[in-house]
Amino acid sequence: YTLKFRPWKVIYVEFFDAKAEAIKKEKYLKTGIGREFIKNLIINN
(Lines give C-alpha, C1' and ligand atoms only; values in the text may rest on other atoms or scores of the structure.)
Protein backbone atom coordinates (compact mmCIF):
# COMPACT_ATOMS: atom_id res chain seq x y z
CA TYR A 1 0.00 0.00 0.00
CA THR A 2 2.68 2.53 0.96
CA LEU A 3 4.77 1.68 -2.11
CA LYS A 4 2.89 4.22 -4.21
CA PHE A 5 3.67 7.04 -1.72
CA ARG A 6 7.46 6.88 -2.19
CA PRO A 7 9.89 8.54 -1.76
CA TRP A 8 9.58 9.10 1.98
CA LYS A 9 10.97 12.26 3.60
CA VAL A 10 12.02 12.23 7.26
CA ILE A 11 10.86 15.47 8.90
CA TYR A 12 11.20 14.67 12.61
CA VAL A 13 13.49 12.43 14.67
CA GLU A 14 13.64 12.05 18.42
CA PHE A 15 16.00 9.85 20.46
CA PHE A 16 15.34 8.38 23.91
CA ASP A 17 17.56 6.89 26.60
CA ALA A 18 14.95 4.40 27.77
CA LYS A 19 12.44 2.24 25.95
CA ALA A 20 9.70 3.30 28.39
CA GLU A 21 10.16 6.95 27.37
CA ALA A 22 9.85 6.03 23.69
CA ILE A 23 6.67 4.04 24.31
CA LYS A 24 5.19 6.98 26.27
CA LYS A 25 5.94 9.35 23.38
CA GLU A 26 4.48 6.91 20.85
CA LYS A 27 1.25 6.69 22.85
CA TYR A 28 1.12 10.50 22.96
CA LEU A 29 1.56 10.76 19.19
CA LYS A 30 -1.36 8.39 18.69
CA THR A 31 -3.73 10.69 20.63
CA GLY A 32 -5.68 13.49 19.01
CA ILE A 33 -3.23 16.12 20.26
CA GLY A 34 -0.27 14.08 19.03
CA ARG A 35 -1.83 13.64 15.60
CA GLU A 36 -2.32 17.41 15.42
CA PHE A 37 1.39 17.80 16.24
CA ILE A 38 2.28 15.44 13.37
CA LYS A 39 -0.08 17.24 10.99
CA ASN A 40 1.59 20.58 11.82
CA LEU A 41 5.03 19.09 11.14
CA ILE A 42 3.88 17.89 7.73
CA ILE A 43 2.28 21.19 6.80
CA ASN A 44 5.29 23.29 7.86
CA ASN A 45 7.85 21.20 5.94
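In this structure the chain gives 101 Å² per residue of accessible area when probed at 1.4 Å with all protein chains present.
When the trypsin sites (Lys or Arg not before Pro) in segment 7-37 are filtered for DSSP coil states and for at most 14 other beta-carbon atoms within 10 Å of their beta-carbon, the remaining sites are Lys9, Lys30. Once each of the chymotrypsin sites (Phe, Trp or Tyr not before Pro) sitting in a DSSP loop with at most 13 other beta-carbon atoms within 10 Å is removed, the chain keeps 17-45 as its longest stretch.
If only the Cβ of Lys and Arg carry +1 and only the Cβ of Asp and Glu carry -1, the dipole of the chain around its Cα centre is close to 260 debye.
The phi torsions of segment 29-44, fed into the Karplus equation with coefficients 6.51, -1.76 and 1.60 and a -60° offset, translate into couplings of 5, 8, 7, x, 5, x, 5, 5, 4, 5, 4, 5, 4, 5, 5, 7 Hz, rounded to whole numbers, with Gly and Pro shown as x. Within a straight-line Cα-Cα reach of under 19 Å, Lys25 can be paired with the following lysines, leaving aside sequence neighbours fewer than 8 residues apart in one chain: Lys39. Could you tell me what % of all Cα pairs in the chain have separations over 12 Å? Result for the distance tail: 70 percent.
The values are calculated or read from the model by the stated rules, or taken from the named source; none is laboratory data. Quick caveat, the model's predicted, so the values are computed rather than measured. Glycine gets a Cβ as well: all are built from the backbone with ideal geometry, and neighbour counts include every protein chain shown. Areas reflect the complete protein model, heavy atoms only, side chains present, ligands, DNA and RNA absent. Shrake-Rupley method; radii C 1.70, N 1.55, O 1.52, S 1.80 Å.
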